[in-house]
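Chemist: Have a look at this one before I ask anything.
Values quoted throughout were computed directly from the atomic coordinates according to the rules given, and no laboratory measurement underlies them. What you see is a predicted model; the values in this text were computed from it and never measured. We place every Cβ from the backbone using ideal geometry, glycine too, and count neighbours over all the protein chains shown.
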Amino acid sequence: MIADGVENEEKWLAAGIAGLQQNAFYMHRALDSNNLRDALKYSAQMLSELRTSKLSPHKYYELYMRAFDELRKLEMFFKEEARRGCSIIDLYELVQHAGNILPRLYLLCTVGSVYIKSKEAPAKDVLKDLVEMCRGIQHPVRGLFLRSYLSQVSRDKLPDIGSEYEGDADTVVDAVEFVLQNFTEMNKLWVRMQHQGPAREKEKREKERSELRDLVGKNLHVLSQIEGVDLDMYKDTVLPRVLEQVVNCKDEIAQFYLMDCIIQVFPDEYHLQTLEILLGACPQLQPSVDIKTVLSRLMERLSNYAASSAEVLPEFLQVEAFSKLNNAIGKVIEAQVDMPIFGAVTLYSSLLTFTLHVHPDRLDYADQVLGACVKKLSSKGKLDDSKATKQIVALLSAPLEKYNDIVTALKLSNYPRVMEYLDIETNKIMATVIIQSIMKNNTHISTADKVEALFELMTGLIKDLDGAEEEVDEDDFKEEQNSVARLIQMLYNDDQEEMFQIICTVKKHIMTGGPKRLPFTVPPLVFLSLKLVRRLQGSSQDQEENPFGDDSSTSPKKIFQLLNQTIEALSIVPAPELALRLYLQCAEAANDCDLEPVAYEFFTQAYILYEEEVSDSKAQVTALHLIIGTLQRMHVFGVENRDTLTHKATGYSAKLLKKPDQCRAVYGCAHLFWVDDQDNMKDGERVLICLKRALRIANAAQQMSNAARGNTGSVLLFVEILNKSGIPGGLRSSMRLTPVQC
């Protein structure tokens with residue numbers, strides 16, 4: 001059926017074009033022979049093709065444009081006739097004898113254009129006559145194209161200021177009145193299209209109306225181009241008349257389009273000075289009108305206007321633009337009770353963007369917008385509308401983009417309250433946006449209070465929220481937690497007491513993260529704390545019975561106490577290898593601070609983890625080499641403590657599963673008994689014992705290889721022991737290794 005309709009329409013269009021071209025041919029012949037009567041006859045017959053009702057607006061436009069081209073030629077002929085002495089008044093009367101009204105009015109408009117050009121009559125009288133007589137066509141499509149033609153031929157002949165048609169009797173008021181009257185009639189015809197035809201074709205009619213909307217909107221463009229329309233005339237005459245027509249038509253499509261046209265075609269300064277009038281019409285529009293888009297575009301234009309020059313900012317303050325926009329949005333939301341939450345949030349997002357551009361120094365305005373948004377959201381609970389949540393993210397991102405500083409955003413009391421209404425996934429997205437902003441702008445969060453507020457905003461990344469899905473993408477999760485880790489490393493304050501409070505605040509939050517998050521968040525906290533320890537080196541080092549002390553002021557011992565508690569939390573993961581590494585890092589930091597009891601306690605915790613938690617053979621090898629390497633660098637231990645830890649490490653080495661691993665661990669322990677800068681820790685005999693034991697283990701490993709594989713196996717272990725035997729010269733003379741058959 002649709003295909004048949006399109007095919008028929010093509011046939012009707014082809015027939016119309018053929019009839020038009022045939023009559024145009026005879027019209028041209030009459031014009032060439034200066035035969036006025038025949039020219040009018042054939043031109044009227046040509047224009048009769050426009051009387052069809054069978055074509056869609058799109059096809060009708062094709063036919064109209066061909067007729068328009070021919071009418072331009074006819075207009076040139078009328079001008080030549082006038083120059084040859086033909087009376088334009090008589091010609092104006094003559095064309096009115098055409099048989100059909102539509103051709104008659106097209107000819108009348110064409111002659112009227114020449115009539116105004118001749119200045120034989122005031123322009124305002126001719127224009128008034130034409131716009132009134134065009135009421136004779138009430139068919140929507142035919143009437144719209146006729147009035148569009150009238151607007152086209154008269155736009156350069158309006159009695160505007162500075163125009164050649166401005167005279168004593170003609171004022172810009174007449175030009176404005178003509179355009180407004182034509183606009184009003186065209187809008188009525190356009191709206192009438194909606195109510196013609198059966199209900200099942202509503203969608204088709206709306207599409208056709210959409211194709212014709214520019215014909216109506218061009219009138220507003222003509223109005224905006226009239227030089228004589230200053231601010232006073234716009235405020236007192238033009239805008240009220242246009243808005244009256246917009247409101248009274250009660251048509252959703254017309255109201256949305258015309259409001260958008262008003263915003264787009266008239267100057268920004270006019271909008272600013274007439275803001276109250278324009279906004280006053282918004283609550284009167286139909287509830288189905290997309291008012292959020294209209295107001296958003298208005299605020300966008302005003303924002304760009306404010307950004308164009310600092311000189312215009314006082315105008316915004318003078319007219320109280322923010323207050324008027326804020327009140328208007330409140331009234332619109334109140335009037336349109338069925339407005340979806342997406343629409344309300346979009347309005348507040350646009351208002352916030354406007355506020356940040358126009359009043360960047362007024363944080364109270366921005367907070368007021370966020371507060372109004374919270375009030376609207378309070379009746380909805382958690383958002384489940386993806387469009388609304390996207391707008392919330394845009395709303396919350398606006399202060400970050402404007403100030404490039406999360407610290408400023410944290411001053412907005414309603415900022416975290418808005419985030420409470422985000423669903424879990426969007427909350428994570430917003431938290432990630434905040435972290436990215438901090439990273440991008442290298443923002444320093446320097447107080448515990450700010451850290452507390454920041455981590456409250458990032459709750460979705462730091463701990464599991466109620467209702468969170470159990471299954472999450474591992475790569476996404478790792479990226480989220482790594483971003484939190486990077487953020488923790490950026491926290492800093494020169495004041496040591498405040499820095500310790502920051503660390504305590506971070507610890508409070510990350511300890512709630514659960515076993516999946518702690519392996520990502522505990523290490524950066526530990527290293528952040530160790531940075532502070534190194535800044536505090538040289539402070540009070542009183543040794544107490546409790547190695548961690550309970551100092552009232554910040555001290556290394558107090559930080560180590562916090563670190564011990566923090567690393568212990570990894571036992572619930574469990575992550576023994578990570579905890580062991582962190583204990584050893586803390587032990588090395590305690591060594592640098594000359595805190596022997598603290599360092600010994602951390603080594604003790606590392607040994608306990610090794611014995612009780614590390615069961616995998618490869619993990620044991622790695623952990624043991626870390627222990628040995630760290631212990632080699634320790635200088636704080638006395639003879640007794642060092643001897644205990646060294647013998648423990650040596651004992652662990654002999655208990656490894658694989659002989660090669662045993663051998664490497666044992667010869668690694670050899671250097672634990674010889675400390676160059678401590679004379680009381682140079683035990684050559686024990687070094688020799690370790691190396692001999694390593695040789696025996698290497699020999700046993702070779703024999704086992706021979707028994708299992710039938711060959712002597714590799715001599716790599718012996719070579720490694722030989723390389724490792726680069727022992728200080730004072731020890732070499734006392735070393736006597738038993739030759740081993742390789």
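Chemist: For every helix of n ≥ 4 consecutive DSSP H residues, a contribution of -39,500 (n - 2.57) applies; sum these over the chain, divide by its total residues, and give [θ] at 222 nm rounded to the nearest 500 deg cm²/dmol.
Modeler: Estimated from H runs of four or more residues: -22500 deg cm²/dmol.
Chemist: Under a plain spin-label model, where a point goes 7 Å from the Cα along Cα-to-Cβ, how far apart in nm are Asn304 and Asn8?
Modeler: Taking the simple label geometry, Asn304 and Asn8 are separated by 4.5 nm.
Chemist: Tell me, rounded to the nearest percent, the portion of alpha carbon pairs in the range 373-421 spaced more than 18 Å apart.
Modeler: Considering the range 373-421, 29 percent of its Cα-Cα pairs are separated by more than 18 Å.
Chemist: Here's another thing I want to ask about it. How big is the Cα convex hull of the range 324-380 in projection, averaged over all directions, in nm²?
Modeler: About 3.6 nm², averaged over all directions.
Chemist: Which GluC sites (Glu not before Pro) does the range 157-204 hold that lie in a coil by DSSP with at most 13 other beta carbons within 10 Å?
Modeler: Taking the range 157-204 and a limit of 13 other Cβ atoms within 10 Å, the loop GluC sites (Glu not before Pro) found are Glu164.
Chemist: May I have the convex hull volume per residue, in Å³, for the Cα set of the range 163-235?
Modeler: Residue-normalised Cα hull volume stands at 101 Å³.
Chemist: Principal axis lengths of the range 111-262 from Cα atoms, whole Å, largest first?
Modeler: Here the spans come out as 54, 34, 19 Å, largest first.
Chemist: Would you please classify the overall shape of the range 367-454 from the alpha carbon gyration tensor, given that a ≥ b ≥ c denote the square roots of the eigenvalues, rounded means a/c under 1.5, and beyond that prolate means a/b larger than b/c while oblate covers the rest?
Modeler: prolate
Chemist: Continuing with this model, one more query. Which of the pairs Lys250/Lys331; Lys390/Lys440; Lys376/Lys478; Lys11/Lys188; Lys207/Lys382 have their Cα atoms more than 26 Å apart in this structure?
Modeler: Beyond 26 Å: Lys376/Lys478; Lys11/Lys188; Lys207/Lys382.
Chemist: Can you list the lysines whose alpha carbon sits under 22 Å from that of Lys692, skipping same-chain ones fewer than 8 residues off?
Modeler: Lys648, Lys655, Lys658, Lys659, Lys682, Lys724
Chemist: Now for a different question. May I ask for the percentage of alpha-carbon pairs in the range 87-157 that lie more than 18 Å from each other?
Modeler: Percentage above 18 Å: 31.
Chemist: Given all pairs of different Cα atoms, what value in angstroms does the Kirkwood hydrodynamic radius of the range 342-495 take?
Modeler: Final number for the Kirkwood radius of the range 342-495 is 16.0 Å.
Chemist: Loop only by DSSP, 14 or fewer other Cβ within 10 Å of the Cβ. Give me the trypsin sites (Lys or Arg not before Pro) in the range 12-91 that pass, ordered by residue number.
Modeler: Lys54, Arg84
Chemist: Plugging the Kirkwood radius over Cα pairs into Stokes-Einstein for the chain, at a temperature of 37 °C and a viscosity of 0.692 mPa s, what D comes out in µm²/s?
Modeler: It comes out at roughly 96 µm²/s.
Chemist: To the nearest 10 degrees, how steep is helix 140-154 against the longest Cα principal axis of the chain, on a 0 to 90 scale?
Modeler: For 140-154 against the chain, the angle is about 80 degrees.
Chemist: While we're here: With Rg and the Kirkwood Rh both taken from Cα atoms, where does Rg over Rh land for the range 569-616?
Modeler: 1.02
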